[in-house]
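Okay, so here's the structure we're looking at.
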Amino acid sequence: MDFYFQGFHFKQDQLVLFKHGEVVGLRLNEAKLLALLISDPEKVFSKQEILDSVWAGKAVAEQSIFQNISHLRSIFGGDAIRTHPKKGYQWTIQLEEAPLLKAPVVLAPSSHVGLRAVFVGILLTFVVCLFYLYQPSSFSSQQTRAATVAVISENDDVIEHFSASTPSTNIRFIPESNVKIDAYEVEHDSIKPLLTKRNADVLMLVETQQHDDHIGLSFSLRRENNRWQGYLSGASVEHVLARLTEHVESVVKSNVLEVSENSLNLLNARLRVLYSQNPDDAIVLFQLINNLKEIGEYEEALVHLHKLQQLMKIHPFLEYHSKSLVLIQQINALLYDGELVLTKWNDNQIALAEQIAITHLDQISLRQLSLLQGKRALAEKNFPLLESEMKLAIQRENNAGNFTSALDLTITLASYANKLNEIEARNDYLSQAKRTIDAHGLDKTWLAQVYFQQGLFAEKAGDDDRAMGHYRDVLSVYLPNQDSWSKERAQFHLARILNGKERFADAIALFENEKILSAKERLTMASIYFDWGNIALAKQHADSAYQMAVQNGELATSLYAALLRVEVSADSAEDIDGQRYAHYIRKHAFASWLKQVRKRLDKLRIFNRDYQHFNDL
């Protein structure tokens, strides 16, 4: 059911709130509370009724109700929800009918002044409509144009289909044949050179597989800061490609690819809108579920997973059977303090997921299943089982020619072995990783990942000198100004060790050859200056890191920078910016990030009593 009031539109069945057509961000429990209150404005709902409806079966404090009520009031106004002492809460804003188009007003010919006013009003309305209709997105320059999608596939049918496709107003396909690009490398390296070379806005990789009774298709859409993956199947390649074309057009038109994958909350809002427009599209729903998992909305993710499984009973989305079963296990693990709770492990679901994945040659789901089995063995401290599951996954990837995926799993296995103090096995798997890199001529940046793991192992063992040597090995792989996760993490860990030895100048020297600093590098420098006692430079670099991270959509980095600025403000009586940054943290923090910085937050009392709100996530 839909509710309308004061420019707001609340879709109760989807728990999505709009204001003047734009999505308003609500957490799941806030949306459920709004749905309850608005369902009967005449009723005063008791606290127990609210707890039973919103947090059904969960033991939570009444403080959770207060915090959710408070946030709803911040959106709709303090008088939107009335408190009845010792009774409960009641919705007060009058609900409206669904908006209808009004009939035109006919004016008398003699009403010259009124006529001129109406004419001016119509003209202004027309201009505003034109502005919004032709407002260019980042896909376009000054003039509206169709987005260009470069299509790469080894299948001739795919190339022929997109060569014959008629360009629409939203999208134009440019197929490329006889080109092979490593999909794994595309997922991990900069996409910009590939797009620039093809003068394209989006890169699409398409792979097909012939099964006994159907065609399977996997695809990946890539922009510089975002990716979109999906899987389709059907009786014929023509049918599958027609569905792919329709799906890609809806995704590109939605502009969801323009949002950085690090801007989790904005991405979540765009995905909700896209899902509301395509409720029967399993790919869109699966993307939404994954995003909900990333922002810590685990309960809502499980609700949508149930919708996905119901959808699969109606439509033949075979590829998502195993994926949904895997995701249920992953989210259940995250829902219980990030640990794989063995009582939540469903052997029947795992066996079914594995059977479906093997039947449909779903390498990604098989790899995820092996990782889940490995994590289970890790939780049980059962190294033989862990090693057996992971080695099976590595063998599968090697047999399929996915050497980079096999290498990634080998490095992960070394990490798990280290956690169980299997030092000899850990070293063997790191050596095996190096041999794989040499044997297949893989990019040297993979060596950086091996060096980084060696540095972590040495650091955790308390051998700072050996750890610093490995971290410097990581840095030696990269050129100045070359961006990489391994490089930035190595800089961070190396700087932390040097800070602990009060070698602050050496820590700062790590960045002296960087002409362009990333947001993470600026944040690391801010931390060094803060430990060094140079508050002015700590503020300068933290402010810069925060601004750059916000602009680039790097949510976690922006939160870390904001947290550091609150810490700097706490040490400086003259700094009054702390509250502004604290407000940013309260507004944008997500559950998994909060767990990592809980001690720092408790010390600063950023949330005070409000922190209880996040304990319920």
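The values are calculated or read from the model by the stated rules, or taken from the named source; none is laboratory data. All of these numbers come straight from a predicted model, not from anything done at the bench. Quick reminder, even Gly has a Cβ in these numbers, built from the backbone with ideal geometry, and neighbours come from all protein chains shown. Keep in mind that these areas ignore ligands, DNA and RNA; they rest on the heavy atoms of the full protein, side chains included. Shrake-Rupley method; radii C 1.70, N 1.55, O 1.52, S 1.80 Å.
A few remarks follow.
- Some residue of the stretch 494-511 being open to solvent by less than 20 Å² (accessible area, probe 1.4 Å), in a helix (DSSP H, G or I) and among the charged types (D, E, K, R): no
- Residues that are of a type outside the set (D, E, K, R), in contact (Cβ under 8 Å) with a residue 60 or more places away in the chain and closer than 21 Å to G77 by Cα, drawn from the stretch 25-59: G25, L28, N29
- Number of the condition not met by S476 [criteria: (1) of a type in the set (S, T, N, Q); (2) out of contact with any helix residue (DSSP H, G or I) (no Cβ under 8 Å at 6 or more places or on another chain); (3) touching a residue at least 12 places away in the same chain (Cβ under 8 Å)]: (3)
- Matching option when the condition is surrounded by fewer than 16 Cβ atoms within 10 Å (Cβ to Cβ), of a type in the set (D, E, K, R) and out of contact with any Pro (no Cβ under 7 Å at 6 or more places or on another chain), among D473, D463: D463
- Any hit, the stretch 406-418, residues being more than 13 Å from A433 (Cα to Cα), of a type in the set (S, T, Y) and in contact with a Gly (Cβ under 7 Å, 6 or more places away or on another chain): yes
- Being modelled with pLDDT under 80, more than 25 Å from the chain's Cα centre (by Cα) and open to solvent by less than 50 Å² (accessible area, probe 1.4 Å) is a condition met by at least one residue of the stretch 355-363.
- Looking only at the stretch 588-601, and only at residues there that are at pLDDT 85 or above and part of a helix (DSSP H, G or I), the one that is least open to solvent (accessible area, probe 1.4 Å): L601
- Near pairs, Cβ below 6 angstrom, 6+ apart or cross-chain, from the stretch 163-175 (free of Cβ contacts under 8 Å to residues at least 60 places away in the same chain) to any residue that is open to solvent by 50 Å² or more (accessible area, probe 1.4 Å): P175/S163
- When residues of the stretch 533-567 are limited to those that are among the polar types (S, T, N, Q) and either under 24 Å from the mean Cα position of the chain (by Cα) or at pLDDT 95 or above (or both), the one surrounded by the most Cβ atoms within 10 Å (Cβ to Cβ): S558
- Single match in A505, A545, A509 (criterion: among the small types (G, A, S) and either under 17 Å from V597 (Cα atoms) or touching a helix residue (DSSP H, G or I) at 6+ places or on another chain (Cβ under 8 Å) (or both)): A545
- Residue in the stretch 18-40 that is modelled with pLDDT of 85 or more, open to solvent by 30 Å² or more (accessible area, probe 1.4 Å), more than 25 Å from L274 (Cα to Cα) and basic (K, R) present: no
- Checked against (1) farther than 28 Å from V568 by Cα; (2) modelled with pLDDT of 90 or more, G500 passes all but condition (1).
- Per-region count, the stretch 204-224, residues at pLDDT 75 or above and charged (D, E, K, R): 4
- Any hit, the stretch 172-183, residues being aromatic (F, W, Y), closer than 23 Å to A406 by Cα and at pLDDT 85 or above: no
- Residue check for I585: surrounded by 22 or more Cβ atoms within 10 Å (Cβ to Cβ), within 20 Å of I295 (Cβ to Cβ) and among the β-branched types (V, I, T): yes
- Number of the condition not met by K47 [criteria: (1) among the basic types (K, R); (2) modelled with pLDDT under 80; (3) open to solvent by 60 Å² or more (accessible area, probe 1.4 Å)]: (2)
- Residue that is farthest from H440 (Cα to Cα), among those in the stretch 395-418 that are surrounded by 18 or more Cβ atoms within 10 Å (Cβ to Cβ) and aliphatic (A, V, I, L, M): A417
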